[in-house]
1. Could the peptides B:267-273, B:313-319 be put in order, highest first, of the mean number of other beta-carbon atoms found within 10 Å of their residues?
2. When the Cα centres of region B:125-146 and region A:1-79 are compared, how far apart do they sit, in Å?
3. Hey, what's the Cα Rg ratio for region A:199-274 versus the globular rule of thumb, 2.2 N^0.38 Å?
4. Rank by packing, highest mean first: peptides B:278-291, B:245-258, with packing defined as the count of other Cβ atoms within 10 Å averaged across residues.
5. Can you tell which of A:39, A:191, A:133 shows the greatest fluctuation in a Gaussian network model of chain A with Cα springs below 10 Å?
6. Compute the convex hull volume of the Cα atoms of chain A, divide it by the residue count, and report the result per residue in Å³ as a whole number.
7. Any chance you could check the Cα centroid distance between region B:283-315 and region B:233-258 for me, in angstrom?
8. Calculate, for residue A:266 and residue B:261, the FRET efficiency according to 1/(1 + (r/R0)^6) with r their C-beta to C-beta distance and R0 60 Å; round to the nearest 0.05.
């Protein structure tokens, strides 16, 4: 059983949902990313998604776009991400999943990428621009190295297609809460609960919901019906707010790691309520 | 019935939109239902006599097709070779470029699909104007994304879009040019996928766009075949067109693709030189990768980050290219070359003087390559150049360049 499966089997026994924060690797710098992983782990996060910055993140809203651009100022690349994961892996057993667009994987070489990712201690990948039909080669490469490839479904995905995708996804199924891009939303669509319930009928695999979720209040409602909750932009905004800009240089403010940790702690608490 | 091998039913692209290793559908899951719906609606429409009749009617009576094929005698004289040069006058189509062939087709299709809102990206503004025009004609709401830098460079086209009732939305992300306008339009589409159709302006993007845009633009090549037979009594030896995303080139090449004796040449923008970082010569010096929903040649760095492109011609200023061009490059069916800003600038002035035709800076790239090619062509050769657009939009840019030089 890999780290992701083990985590979900434990979560499902307890009365809570997994909290899965997303941060962009290298925003504002790679050392801060490392510290954030450890702090979020301490504050109760159950899985961490690590964004691999890309120049053209077409599924992302402004918050994650600018976060990627901040990381790309230091030319953060896959090798840097793997190196950081290798260091952090000695200190924590939390599942770590890379979230990135397909082209950087393709240019690295799919089989080398899978090899290096697995060797560093990553547990899986989420590639938002790689739908089922195009994912065959990557899934094959990932599988031989024991990496999970997590697929996404959206509110407008037909039941037939959800079944097909759910059969192939590994670790969990990523349910996109809204037809839209990433970014915080004060109100989640009313159909979300219905949608999630429908998805849960179609698969026995864990289902995690992401896109738009930013507040503890939203989480406690969702925790009842889902196995995992992904929070990205709200955390990135906090990182941005605690980043100090000096001329062209960006660096983490003294409170950045602590503030993000506190927020993650609050979010984690909310995943236990209502259940 | 015996079929000869070259009549074999080899579909390009295949059902999932692949041209060999290129093309495909690399999009967020939210868009998959939309592009599958579009694919099936398009396949039905292209067999439907009503759709075909409506499209043909608009192209003839509104767009002004067929556009002329004109023998550029003035240019021939300057070349001093015994070759004949014909220009396919897409600059004379309504709105001043070939872009309208595609936007009329797509907006007509969107209307048939019950979509109420049209969105598009634009670089130079030509595709934006053509989309806004088609939307106005058919009474649909239209919003166009345009990089802030391009809005400054192409003020006239911004105003034309606004006059025809479109809303122009400035794109502030990334390089603030065409590449980022496409990202932003895709983001809009992901969000409003229910009632909105995205009119992509070139033979790029996820399947079915490269195939569909190719088919709508192929009218250029089909007319050219008929016209050159009438005017010259035979098919041409060389067909040339500029390549940015590649829609005007695909439009004129595609109906000639099986004529192995005809040389097809795509001319990319070498900008300040392919050895610099300031060019758009994707096929000449790029490498395969995934951008904007398809696998194709790209300008990218070692890590797969997309590089900025440059060309004096804003419509060529794009770090990707259509997937079918990629396979044509690999198979050698089309030869791809590049000419730089200076050559395009000279060709712009030359054609204006020799034949009284002010070409778009994009189209001027194809004319510029003729200057290089002509001396090597045998006498009696017939060359067709797709003059994809008119140069009114570029007059200010060129005037600035001329002024700079006279002041020096």
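1. Taking the mean over residues of other Cβ atoms within 10 Å, the ranking is B:313-319, B:267-273.
2. A separation of 40 Å, based on Cα centres.
3. Dividing the Cα radius of gyration by 2.2 N^0.38 Å gives 1.37.
4. In decreasing order of mean packing, B:278-291, B:245-258 become B:245-258, B:278-291.
5. Answer for the Gaussian network model of chain A: A:133.
6. 114 Å³
7. Using only Cα atoms, the two centres lie 22 Å from each other.
8. It comes out at approximately 0.25.
Just so you know, all these numbers are worked out from the coordinates, no wet-lab data involved. Remember, predicted model here, so these are calculated numbers, not experimental data. Neighbour counts are summed over all protein chains in view; Cβ atoms, including those assigned to glycine, are modelled from backbone coordinates with ideal geometry.
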